[in-house]
Protein chains: 2
Amino acid sequence: MSNFQHLPSVHRLQGLAARPIDLRAALTPERIAHFSAKALGFTLLFGTERIDEDILSALLHLASESRGLEKMAAMQSGKVLNRIEGFPSENRAVLHTAMRDVFSNRQSSLEASHAASAAEAELHKLEQFLTDIEGRFTDVIQIGIGGSDLGPKALCLALEAFYLPNRRMHFISNVDPDDAAAVLEKVDLGKTLVIVVSKSGTTLETLTNEELVRTQMKKAGHEPKNHFVAVTGKDSPMDDPKRYLASFYIWDFVGGRYSATSMVGAVILGFAIGFRGLKEILRGAHEMDLHALEAQAHSNLPLLSALLGIWNRNFLKLPTVAIIPYSQALHRFPAHLQQLDMESNGKRIDKLGKPVDFSTGPVIWGEPGTNGQHSFYQLIHQGTDVVPLEFIGLKKNQYTQDLEIQHTTSQEKLLSNLFAQSIALAIGQESENPNQTFPGNRPNRILLADRLDPHTLGALLAFYEHKVAFQGFIWNINSFDQEGVQLGKKLAGEVLELFKNKRTKGRGEFKLGEAYLRFL
Amino acid sequence: MSNFQHLPSVHRLQGLAARPIDLRAALTPERIAHFSAKALGFTLLFGTERIDEDILSALLHLASESRGLEKMAAMQSGKVLNRIEGFPSENRAVLHTAMRDVFSNRQSSLEASHAASAAEAELHKLEQFLTDIEGRFTDVIQIGIGGSDLGPKALCLALEAFYLPNRRMHFISNVDPDDAAAVLEKVDLGKTLVIVVSKSGTTLETLTNEELVRTQMKKAGHEPKNHFVAVTGKDSPMDDPKRYLASFYIWDFVGGRYSATSMVGAVILGFAIGFRGLKEILRGAHEMDLHALEAQAHSNLPLLSALLGIWNRNFLKLPTVAIIPYSQALHRFPAHLQQLDMESNGKRIDKLGKPVDFSTGPVIWGEPGTNGQHSFYQLIHQGTDVVPLEFIGLKKNQYTQDLEIQHTTSQEKLLSNLFAQSIALAIGQESENPNQTFPGNRPNRILLADRLDPHTLGALLAFYEHKVAFQGFIWNINSFDQEGVQLGKKLAGEVLELFKNKRTKGRGEFKLGEAYLRFL
């Protein structure tokens, strides 16, 4: 495994970065048509990135030198990729793709096919469960945090147009007690199903919120056991039929941020849009898994997107990425991608435990368009820093309601804005008024899909999972652990002891923590 | 007006930046207590920034050399600050502070006191209006985008705990037709008040959404005139008593992103929490206005925060800022601050129209804690880039519901996490396992307040407005225009023509736009 910085194509790309193409002159209709790739109903339009044929070819070499596609195959077949050589680490396979490998052409490796069988068994349990509870609940509260919250929530919000009648989804994540209180004000607990999600069964925020909701449930005269469902590891403290109506299982080979298509997301999504809709999400994701695995580099959408991201990050030295869906339904999708990307690739050591001497994962942020245009686009167009953008566009809207006003529909207005921004950022504008000068050359690309239905959403989710994984493969870092969250957790425990001691008359030892408590 | 780069303190700070303090050794309880400032019930804790007495003193010099406090006084007294010398520009006063200068000790300048009187007149109208409609409506839909959406929405969501009984607030902003459709599915239009907000009365997204909702209102058998309220400039196309139940006025001396305390936010907030609650928001903001105006630099909270931001941005060269409220109620507050800051200070020319040779506004992003800890904190702790953090903490929660679990309340768990993160980021951790090594020295500060009630929220809003304004004053840029949004708007119009032409058989001329349309 060679260090990223020593790959011949990296050297070549460093040379090419000295003269990135000037889009102000170069952007033509031919270029837009040429730098595009299509698969599975998606089109990636990247003529507005600062690349040319030489750069693209060097990037494709980079993919091959860093063995991106081989590592994707190793991942999907269940090799132990979540590992740091020579040091204690999680040492696990990475098999979120098995969660949707429940159609034809199953992966042939033993590990992957076992995982897929286990996933299939949970899906059967879920299908039966959804039938059994039919008519009993109108509302669901999902209690979870991080990957047990952001992904499922982003997907639910994206599919509100597909909810079964009279169903409402709620999420409680924050240990802030106001989060639970605000949700509890809105629901009739007698008709509410509560899904508690924690792989270990020990997550502080989740257990605390579960207790809060159980207490309210009892106060309202309902037996929690008839309302609470556990999504957890087999034999975890939460895998307890005395306390839960049902348990659905997740495994340590599916990381939290990659778990939206496991039972972590499946239970609530199945309730919200029905089991058939859920299967469509899985089918879309599975098709993208196969595409990431099988498509050659130059037509592999998530790999291309990963390479363009690496060009912007490591060679044009741009430290952030804005992900902007021109779709209000996707308004929380960037928050999910923020976790997915930053927790996966915000790493400072490589897979051999050596500190890296290059930049890894960028800061990921974003809000939907056109809203962003009326907010932070001022900086995007005229700020002193360059922010690369990843746009997501949909050809059709979800609801049938649309209205022609002045000869165009809202959907056409939305797409006009998307295309115009892509062009404006690339070509800029000269002006005698310095305040109306736009420097241009601001790289961006568009991922265009047909309509945001369950199938497309599943594929979109998997597209980003694989983009992130490919970047980690190319950088040769471990995208599947999260040791960086441990120190804060440890110190939080120490501060919490100080609060506890105030009640139990114990003695605190954490002087830095005490210094803060004096301000309360 | 001297260029930022030529100020003596900037030169001095560049020297000091060569040896920023090493927090891993320096952070002590005494340091935490020492680098703190209190005012109006807020405490700013900045011992975890990479500063020492010399640096703080040079920063305070910078404030004085760049005449930060004089410019704040000029702004609040109504001088024409929204202007570029020697070029066509908006040439306007900047008087959002007048919107809440409706208590004692009014600003004495003619411009500011006229603006305050006008604001007071609108508040009287609103008070009467809220009495007149009492009992008629349960739901409000606010239609607006950018500043007419983000600020009011962030404030409403922050105050759900204070809503009058049986009131629900909704927002439609995006031209995406699914945005309106999703809201319309949730309300009983017969009991819905619709607030349409556009200063010019010509915002494309807003007028389109207004038409969509009017059409639905008529279909449902209700007369729109009895349900629609306009918030707009006097004599704008929307200032029309034939079409609206009432008009409330806004003026061009209040910029969109600074308009949350004008009628843009006041109408919906007054409906949601009552007129008295609204006045408390204004009172909190007004008190912070006076503090920003009158407090000396070393104890002026927004100015201190501005200076620490400039230290991180211009001297430690950090390109982003994460704003993390440890409060779920503030979950959309970072989105408002993102607009406020990036639209104000994402500028490439100074007030003389000269391109700047230093970095202006950073990328602003954020999500609430503790949620972020389970998401992007991996990168914050162990990524290759350093991200400065601005934490917001509250001593008490909003709802009275809280539960002691294992001897501590949820609020105590929340605060323990906040303090622990601040410390962990500063001191890091050494380890023989490179994956458990935390480099530390990651700058952050905490703004701590008592309880998120209307008064505190008003002050918090104004704190950030003034922090952003102070940074603009120090950089000598115009924080009050937004020319950078124009080019995209213009090109969107050209793409829209292409769609229109498909229906009207006209001919398109925008070849780059056509290249995109071929992919539809």
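The values are calculated or read from the model by the stated rules, or taken from the named source; none is laboratory data. Because the structure is predicted, anything quoted here is derived from the model rather than measured. We place every Cβ from the backbone using ideal geometry, glycine too, and count neighbours over all the protein chains shown.
Would you be able to tell me the number of residues in region B:281-314 that are in a helix (DSSP H, G or I), in contact (Cβ under 8 Å) with a residue 40 or more places away in the chain and surrounded by fewer than 21 Cβ atoms within 10 Å (Cβ to Cβ)?
7
Looking at region A:141-247, what strands (runs of 3 or more DSSP E) fall wholly within it and have at least 2 residues that are more than 18 Å from residue B:402 (Cα to Cα) and among the β-branched types (Val, Ile, Thr)?
Strands (runs of 3 or more DSSP E) meeting the threshold: A:192-197, A:228-233.
Does residue B:416 fit the bill of being touching a Phe, Trp or Tyr at 6+ places or on another chain (Cβ under 8 Å) and small (Gly, Ala, Ser)?
Details: touching a Phe, Trp or Tyr at 6+ places or on another chain (Cβ under 8 Å): yes; small (Gly, Ala, Ser): yes.
In short, yes.
For every residue, the table says whether it meets (1) closer than 26 Å to residue B:347 by Cβ; (2) within 26 Å of the chain's Cα centre (by Cα); (3) surrounded by fewer than 16 Cβ atoms within 10 Å (Cβ to Cβ); (4) of a type outside the set (Ser, Thr, Tyr).
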| position | (1), (2), (3), (4) |
| --- | --- |
| B:28 | no, no, yes, no |
| B:42 | no, yes, no, yes |
| B:68 | yes, yes, no, yes |
| B:83 | yes, yes, no, yes |
| B:86 | yes, no, yes, yes |
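I'd like the residue in region B:433-450 that is part of a strand (DSSP E or B) and within 7 Å of chain A (Cβ to nearest Cβ) and, out of all such residues, is nearest to the chain's Cα centre (by Cα).
It comes out as B:448.
Exactly one of (1) closer than 28 Å to residue B:476 by Cβ; (2) surrounded by fewer than 18 Cβ atoms within 10 Å (Cβ to Cβ); (3) touching a residue at least 24 places away in the same chain (Cβ under 8 Å); (4) not hydrophobic (A, V, I, L, M, F, W, C) is unmet by residue B:49. Its number?
Going through the list (1) closer than 28 Å to residue B:476 by Cβ; (2) surrounded by fewer than 18 Cβ atoms within 10 Å (Cβ to Cβ); (3) touching a residue at least 24 places away in the same chain (Cβ under 8 Å); (4) not hydrophobic (A, V, I, L, M, F, W, C), residue B:49 breaks only (2).
Which numbered condition trips up residue B:344, out of (1) surrounded by 24 or more Cβ atoms within 10 Å (Cβ to Cβ); (2) not in a helix (DSSP H, G or I)?
Looking at each condition in turn, residue B:344 falls short on (2).
Just checking, does region A:259-266 include any residue being touching a residue at least 40 places away in the same chain (Cβ under 8 Å), more than 15 Å from residue A:122 (Cα to Cα) and surrounded by 24 or more Cβ atoms within 10 Å (Cβ to Cβ)?
Going through region A:259-266, the residues touching a residue at least 40 places away in the same chain (Cβ under 8 Å) turn out to be A:259-266.
Checking which are more than 15 Å from residue A:122 (Cα to Cα) leaves us with none.
Scanning region A:259-266 turns up no residue that is touching a residue at least 40 places away in the same chain (Cβ under 8 Å), more than 15 Å from residue A:122 (Cα to Cα) and surrounded by 24 or more Cβ atoms within 10 Å (Cβ to Cβ).
Against the condition more than 7 Å from chain B (Cβ to nearest Cβ) and modelled with pLDDT of 95 or more, how does residue A:351 come out, does it pass? Show your work before the answer.
Values: more than 7 Å from chain B (Cβ to nearest Cβ): yes; modelled with pLDDT of 95 or more: yes.
Judged against the criteria, residue A:351 is a match.
Which is touching a Ser or Thr at 6+ places or on another chain (Cβ under 9 Å), without any contact (Cβ under 8 Å) to a residue 12 or more places away in the chain and at the interface with chain A (Cβ under 7 Å from one of its Cβ atoms), of B:383, B:361?
Checking each option against the conditions leaves just B:383.
Give region A:149-166 a look and list any residue that's surrounded by fewer than 20 Cβ atoms within 10 Å (Cβ to Cβ) and either in contact with a Phe, Trp or Tyr (Cβ under 7 Å, 6 or more places away or on another chain) or among the hydroxyl-bearing types (Ser, Thr, Tyr) (or both), or say none.
A:161, A:163
Among the numbered criteria (1) touching a residue at least 60 places away in the same chain (Cβ under 8 Å); (2) surrounded by fewer than 22 Cβ atoms within 10 Å (Cβ to Cβ); (3) within 12 Å of chain A (Cβ to nearest Cβ), which one does residue B:430 miss?
Residue B:430 satisfies every listed condition except (1).
For every residue, the table says whether it meets (1) modelled with pLDDT under 95; (2) among the basic types (Lys, Arg).
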| position | (1), (2) |
| --- | --- |
| B:7 | no, no |
| B:24 | no, yes |
| B:93 | no, no |
| B:96 | no, no |
| B:107 | yes, no |
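Taking the conditions exactly as written (touching a residue at least 40 places away in the same chain (Cβ under 8 Å) and under 19 Å from residue A:192 (Cβ atoms)), does residue A:269 satisfy them or not?
Yes: the conditions hold for residue A:269.
Return the residue satisfying two criteria in turn: it lies in region B:468-487 and is within 11 Å of chain A (Cβ to nearest Cβ) and part of a loop (DSSP other than H, G, I, E, B), and of such residues it is surrounded by the most Cβ atoms within 10 Å (Cβ to Cβ).
Across region B:468-487, the extreme among qualifying residues is B:479.
Give region A:178-196 a look and list any residue that's buried (at least 20 other Cβ atoms within 10 Å of the Cβ) and either touching a helix residue (DSSP H, G or I) at 6+ places or on another chain (Cβ under 7 Å) or more than 14 Å from chain B (Cβ to nearest Cβ) (or both), or say none.
A:178, A:179, A:180, A:182, A:184, A:192, A:193, A:194, A:195, A:196
Taking region B:364-380, which residues are at the interface with chain A (Cβ under 7 Å from one of its Cβ atoms) and assigned to a helix (DSSP H, G or I)?
Result: B:371, B:373, B:374, B:377, B:378, B:379.
With the condition kept exactly as written, say whether any residue in region A:488-503 is touching a residue at least 12 places away in the same chain (Cβ under 8 Å) and more than 9 Å from chain B (Cβ to nearest Cβ).
No: region A:488-503 contains no residue that is touching a residue at least 12 places away in the same chain (Cβ under 8 Å) and more than 9 Å from chain B (Cβ to nearest Cβ).
Please enumerate the residues belonging to region B:114-145 that are β-branched (Val, Ile, Thr) and touching a strand residue (DSSP E or B) at 6+ places or on another chain (Cβ under 8 Å). Spell out the reasoning first.
Step one: list which residues in region B:114-145 are β-branched (Val, Ile, Thr), which gives B:131, B:133, B:138, B:140-141, B:143, B:145.
Correct list: B:133, B:138, B:140, B:141, B:143.
Here are the criteria: (1) within 17 Å of residue A:324 (Cα to Cα); (2) of a type in the set (Asp, Glu); (3) part of a helix (DSSP H, G or I). Tell me which single one residue A:497 does not satisfy.
Against the list (1) within 17 Å of residue A:324 (Cα to Cα); (2) of a type in the set (Asp, Glu); (3) part of a helix (DSSP H, G or I), residue A:497 comes up short only on (1).
Here is a check on your reading of the model: is residue B:515 in contact with a Pro (Cβ under 7 Å, 6 or more places away or on another chain), buried (at least 20 other Cβ atoms within 10 Å of the Cβ) and farther than 30 Å from residue B:355 by Cα?
Spelling it out, residue B:515 is indeed in contact with a Pro (Cβ under 7 Å, 6 or more places away or on another chain), buried (at least 20 other Cβ atoms within 10 Å of the Cβ) and farther than 30 Å from residue B:355 by Cα.
So which residues in region B:428-467 are aromatic (Phe, Trp, Tyr) and farther than 30 Å from residue B:343 by Cβ, if there are any at all?
Keep residues of region B:428-467 that are aromatic (Phe, Trp, Tyr), which gives B:438, B:463-464.
B:438, the sole residue that qualifies.
Looking at region B:451-467 only, could you name the residues that are surrounded by fewer than 23 Cβ atoms within 10 Å (Cβ to Cβ) and not in a helix (DSSP H, G or I)?
Passing the criteria: B:451, B:453.
What's the number of the only condition in (1) on the phi < 0 side of the Ramachandran plot; (2) surrounded by fewer than 24 Cβ atoms within 10 Å (Cβ to Cβ); (3) facing chain B (nearest Cβ under 8 Å) that residue A:332 fails to meet?
(3)
Counting just the residues of region A:52-66 that are farther than 21 Å from residue A:447 by Cα and acidic (Asp, Glu), which one comes out surrounded by the fewest Cβ atoms within 10 Å (Cβ to Cβ)?
A:54
What number goes with the only condition from (1) facing chain A (nearest Cβ under 7 Å); (2) in a helix (DSSP H, G or I); (3) under 16 Å from residue A:413 (Cα atoms) that residue B:520 does not pass?
All conditions pass for residue B:520, except number (2).
Tell me which residues, restricted to region B:225-246, are surrounded by 21 or more Cβ atoms within 10 Å (Cβ to Cβ) and either in contact with a Ser or Thr (Cβ under 8 Å, 6 or more places away or on another chain) or farther than 14 Å from residue B:197 by Cα (or both).
Of everything in region B:225-246, those that are surrounded by 21 or more Cβ atoms within 10 Å (Cβ to Cβ) and either in contact with a Ser or Thr (Cβ under 8 Å, 6 or more places away or on another chain) or farther than 14 Å from residue B:197 by Cα (or both) turn out to be B:227, B:229, B:230, B:231, B:232, B:238.
Can you name every residue in region B:393-425 that is facing chain A (nearest Cβ under 7 Å) and assigned to a strand (DSSP E or B)?
Hits for region B:393-425 are B:395, B:405, B:408.
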